[in-house]
1. In segment B:32-55, which residues are crowded, with 18+ Cβ neighbours inside 10 Å and within 15 Å of B:Cys89 (Cβ to Cβ)?
2. Just to verify a result, which residue in segment A:41-56, among those that are more than 7 Å from every other protein chain (Cβ to nearest Cβ) and more than 17 Å from A:Asn28 (Cβ to Cβ), is surrounded by the fewest Cβ atoms within 10 Å (Cβ to Cβ)?
3. Within segment B:49-88, how many residues turn out to be part of a strand (DSSP E or B) and either modelled with pLDDT of 95 or more or more than 14 Å from chain A (Cβ to nearest Cβ) (or both)?
4. Scan segment A:98-106 and tell me whether some residue there is buried (at least 18 other Cβ atoms within 10 Å of the Cβ) and β-branched (Val, Ile, Thr).
5. Under the condition of being out of contact with any Asp or Glu (no Cβ under 7 Å at 6 or more places or on another chain) and exposed (fewer than 15 other Cβ atoms within 10 Å of the Cβ), which residue from segment A:74-95 is nearest to the other protein chains (Cβ to nearest Cβ)?
6. Of all residues in segment B:25-45, which are free of Cβ contacts under 8 Å to residues at least 40 places away in the same chain and in a strand (DSSP E or B)?
7. Residues to consider are B:Thr91, B:Thr64; find the one that is in contact with a Phe, Trp or Tyr (Cβ under 7 Å, 6 or more places away or on another chain) and surrounded by 15 or more Cβ atoms within 10 Å (Cβ to Cβ).
Amino acid sequence: NAGVTQTPKFRVLKTGQSMTLLCAQDMNHEYMYWYRQDPGMGLRLIHYSVGEGTTAKGEVPDGYNVSRLKKQNFLLGLESAAPSQTSVYFCASSPFGVTYEQYFGPGTRLTVT
Amino acid sequence: SQQGEEDPQALSIQEGENATMNCSYKTSINNLQWYRQNSGRGLVHLILIRSNEREKHSGRLRVTLDTSKKSSSLLITASRAADTASYFCATDSLGQKLVFGQGTRLTINP
């Protein structure tokens, strides 16, 4: 099992450009999450999904969109990147939500200039 | 807003010593989880403790939970160089979401 994988690992964008981060899991988990981590801070939830075809807003959703067309994939989109979105992005999955552990991907380091 | 607050923010000890990290939170919780993050990597789950539990062990890890004081502690015994990492607590009082603290950075010196 690969677990949770994220693509790409690194990316540099110019302000105003768009991109999509891909998260894939092979554990048949229902729940998937996108977090961002900034220096000296814990993780903040951007969006999450409780199953295929569902999405919901987290703590810091502005400037991001998500889609969960297939159970194993959770996409995070930035339509018009801003320097404030420079961060490390982590995807996670869980079989039954927050009452169980979350499995994290290795992260995507995004820099917006 | 952060629900969990870890203390201390940074901790440096000698190999073989015990390390204790604390987490305080503001509102009632269903469960509390501890995660480890090695530099440049994703988080790895360590222990989940439910609100009706007071103590839990996993290998060299011991977690306590005091719901009356809204606090938890993570004890790592007989520390090793490989334990060098950041440690985060996370609480689930907000329904379907986990809220993470800002973490404790632990350094084990050889």
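The values are calculated or read from the model by the stated rules, or taken from the named source; none is laboratory data. Just so it is clear, the model here is predicted, and its values are computed rather than measured. Quick reminder, even Gly has a Cβ in these numbers, built from the backbone with ideal geometry, and neighbours come from all protein chains shown.
1. Restricting attention to segment B:32-55, the residues satisfying the condition of being crowded, with 18+ Cβ neighbours inside 10 Å are B:32-37, B:42-43, B:46-49.
Scanning segment B:32-55 gives B:Leu32, B:Gln33, B:Trp34, B:Tyr35, B:Arg36, B:Gln37, B:Leu43, B:Leu46, B:Ile47, B:Leu48, B:Ile49.
2. Within segment A:41-56, the subset more than 7 Å from every other protein chain (Cβ to nearest Cβ) is A:44, A:46-47, A:49, A:51-56.
Add one more test, that the residue is more than 17 Å from A:Asn28 (Cβ to Cβ), and what stays is A:44, A:46-47, A:55-56.
Values: A:Arg44: 18, A:Ile46: 24, A:His47: 23, A:Thr55: 18, A:Ala56: 14.
Selected residue: A:Ala56.
3. Filtering segment B:49-88 down to residues part of a strand (DSSP E or B) leaves B:49-50, B:55-58, B:61-66, B:71-76, B:85-88.
Add one more test, that the residue is either modelled with pLDDT of 95 or more or more than 14 Å from chain A (Cβ to nearest Cβ) (or both), and what stays is B:49, B:55-58, B:61-66, B:71-76, B:85-88.
Adding up the residues that qualify gives 21.
4. Taking segment A:98-106 first, the residues buried (at least 18 other Cβ atoms within 10 Å of the Cβ) are A:98, A:101-105.
Now drop any that are not β-branched (Val, Ile, Thr), which leaves A:98.
So far as segment A:98-106 goes, yes, one or more of its residues are buried (at least 18 other Cβ atoms within 10 Å of the Cβ) and β-branched (Val, Ile, Thr).
5. A:Ser84
6. Initially, segment B:25-45 is screened for residues free of Cβ contacts under 8 Å to residues at least 40 places away in the same chain, giving B:40-42, B:44-45.
B:Val44, B:His45 - these are the residues of segment B:25-45 that are free of Cβ contacts under 8 Å to residues at least 40 places away in the same chain and in a strand (DSSP E or B).
7. Numbers: B:Thr64 fails: in contact with a Phe, Trp or Tyr (Cβ under 7 Å, 6 or more places away or on another chain).
Result of the check over B:Thr91, B:Thr64: B:Thr91.
Residue by residue, here is whether (1) closer than 25 Å to B:Gly40 by Cβ; (2) in contact (Cβ under 8 Å) with a residue 12 or more places away in the chain holds:
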| site | (1), (2) |
| --- | --- |
| A:Pro39 | yes, no |
| A:Gly42 | yes, no |
| A:Ile46 | yes, yes |
| A:Asn65 | no, yes |
